[in-house]
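Some notes on the structure that comes next.
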Amino acid sequence: MSTGRSKELHFKIGVVRVALKSSHRRLRREYSSLYRQCLVDGPDGSAEIRVEVCRPSYVPWKRRRYHVRINNRVQFEPSRRDEVLPHVDWAINWEVPRVMPQFLQLHASSMEVDGQGVIFPGESGSGKSTLTAGLMTRGWRYLCDEFALIHAESLRLHPYPRAICIKKPSYPVIESLGIKLHGHQHYVKGSKGYVGFINPFEVGEATIGRDCPIRYVIFPKYTAGAQPRLTKIGRAEAAFSLHRVCFNLFNCQSLGLDVLAGMIRGAECYHLVSGEIGRTCDLVSRLVQSGVGEVWQSESTGKLGEYEAARSLTGVCHGRRAEVCSLAAG
Amino acid sequence: MEGEVKQVVESQAEGATTPALPKEAVSAASRSDLTVRELDGEVLIYDASSADTHHLNATALFIWRQCDGTNDADIIAERLSAVYDVSVEDAREHVSHMLREFQQRKLVGEADVPGRGGEGVSR
């Protein structure tokens with residue numbers, strides 16, 4: 001990676017502001033190409049994530065690594081040039097929960113269709129990004145492939161239209177959707193292996209959504225060859241599952257639970273077994289666009305339903321783990 | 001990042017001996033520090049002291065609410081059987097399991113019941 005004078009670039013990626021400083025021309029070029037629609041002139045004084053990438057001088061007994069610094073601490077030390085950009089992106093993700101406490105943050109892809117917010121919560125490998133890309137080709141508007149940012153007061157979903165990270169095994173599916181990886185570039189991102197990025201602004205027209213209320217919470221689980229299937233679940237069960245994929249519930253404590261409960265009272269919740277991408281997108285589109293399934297009553301009716309054996313679940317939230325990991329990584 | 005979720009109680013294995021029910025009154029009063037949010041007749045409980053979140057289904061919630069320091073497990077089982085379509089025997093089994101889980105998860109505490117200092121189980 002050739003170097004020059006260190007230069008700072010500023011981006012406004014939805015509600016997230018990023019300042020990238022690096023002397024590496026290629027990184028600056030690639031990042032500003034990937035996020036060119038988000039480039040802004042300079043800082044506006046609002047909370048900002050500052051990323052700096054440098055490569056310390058050569059020391060004979062040490063492997064030379066890049067330092068990806070985030071708000072003045074080293075977050076990652078990739079050794080290969082093609083690892084740098086995905087780690088810059090990843091480092092920004094790590095910082096979002098820290099600098100944006102006004103949002104409850106879930107590990108979920110988020111989209112908007114006809115003013116309705118839809119979130120797809122799930123761990124890595126659940127098929128969130130591929131499903132998101134597929135729905136974009138059907139006119140759904142993109143908010144984010146990794147976060148659902150829910151404003152703690154308004155309970156509305158907000159956009160953070162970061163580039164969509166696609167793992168190599170999913171390239172053929174993405175190509176079958178007619179979507180091209182940005183710049184035909186391939187990178188290496190830790191255990192995910194080879195990845196490429198989709199610039200969401202380059203998929204169709206008017207593809208970036210606006211803030212909206214959440215109407216559907218759909219938990220996808222990709223199963224190769226499966227018949228796509230939606231199963232309605234209760235809101236409390238859904239909220240419990242959501243707390244597990246929340247990045248900052250531990251910091252928000254009871255307020256976080258209030259936000260989760262308040263948000264989910266206006267939503268319908270489903271488990272989705274996803275299979276072939278086209279049929280899965282058809283199924284989800286039918287659900288959301290036909291308004292099938294009335295929104296449940298927001299409060300308990302007080303009536304006792306069918307008997308179900310007493311059951312309780314106990315879990316720790318994602319946020320607590322994220323905090324531990326973040327401190328360790330920092 | 002896998003969460004540590006444990007399915008605490010489903011049902012007892014066939015043929016297993018039904019454990020004896022606690023004979024003490026059960027109370028949940030001492031855990032007023034829990035944050036409780038009800039959703040469609042079920043409940044989410046956040047325990048700030050452990051940072052654990054609990055989900056109780058409607059039946060578990062019914063049992064938990066009976067833990068007011070005055071009811072013992074037999075009474076709770078009878079009430080469960082009275083309001084749901086479940087036999088007293090099954091209800092006893094489920095109540096017994098649930099109370100044990102509540103104690104393990106610290107969703108109920110030792111009761112301040114006169115006479116036994118721990119005679120009841122309290123929220």
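Bear in mind that the values in this text are calculations on the coordinates, not laboratory data. The shown structure was predicted, so the numbers you read here are calculated from the model rather than taken from an experiment. Methodologically, a virtual Cβ is constructed for each residue, glycine included, from the backbone with ideal geometry; neighbour enumeration extends over all protein chains shown.
With a 10 Å Cβ neighbour count serving as the proxy for reagent exposure, in which order, fewest first, do A:Ser154, A:Ser170, A:Ser290 appear? Mind dumping the intermediate values first?
Numbers: A:Ser154 12, A:Ser170 18, A:Ser290 8.
Listed from fewest to most nearby Cβ atoms, that is A:Ser290, A:Ser154, A:Ser170.
Mind checking the mean number of beta-carbon atoms from other chains within 10 Å of the Cβ atoms in A:228-241? Don't skip to the answer; put the middle values down first.
Values: counts 0, 0, 0, 0, 0, 0, 7, 6, 13, 6, 3, 8, 11, 3.
Mean shielding by partner chains, rounded to a whole number: 4.
What Rg and what Dmax come out for region A:105-168 when only alpha-carbon atoms are used, in angstroms?
When restricted to the Cα atoms of region A:105-168, Rg and Dmax are 11.1, 39 Å.
Give the share of C-alpha pairs in each 5 angstrom bin for region B:50-92, from 0 to the last occupied bin, in whole percents, shortest bins first.
Result returned by the calculation: 5, 22, 29, 21, 12, 6, 4, 0.
Sorted by packing (mean other beta-carbon atoms within 10 Å per residue), highest first, where do A:181-194, B:42-55 land? List each step's numbers first, then the result.
Working: A:181-194: 14.9, B:42-55: 20.3.
Descending mean neighbour count gives B:42-55, A:181-194.
Along the Cα→Cβ direction, 7 angstrom out, place labels at A:Val40 and A:Arg64. What is the inter-label distance in nm?
Label-label distance for A:Val40 and A:Arg64, simple model: 3.6 nm.
Cut-off is 10 Å between beta-carbons; in what order do A:Ser274, A:Ser126 appear when sorted fewest neighbours first? Display every interim value, and only then the final one.
Details: A:Ser274 27, A:Ser126 21.
So the ranking, lowest neighbour count to highest, is A:Ser126, A:Ser274.
Restricting attention to the alpha-carbon atoms of region A:1-142, what are Rg (one decimal) and Dmax (integer), both in Å?
When restricted to Cα atoms, region A:1-142 yields Rg and Dmax of 17.0, 59 Å.
Taking each residue of B:44-50 in turn, how many C-beta atoms of other protein chains fall within 10 Å of its C-beta, and what is the average?
On the way: counts 12, 4, 11, 1, 4, 0, 2.
Counting other chains' Cβ atoms within 10 Å and averaging over B:44-50 gives 5.
Using only the alpha carbons, work out the radius of gyration and Dmax of region A:68-216 in angstrom.
When restricted to Cα atoms, region A:68-216 yields Rg and Dmax of 15.2, 44 Å.
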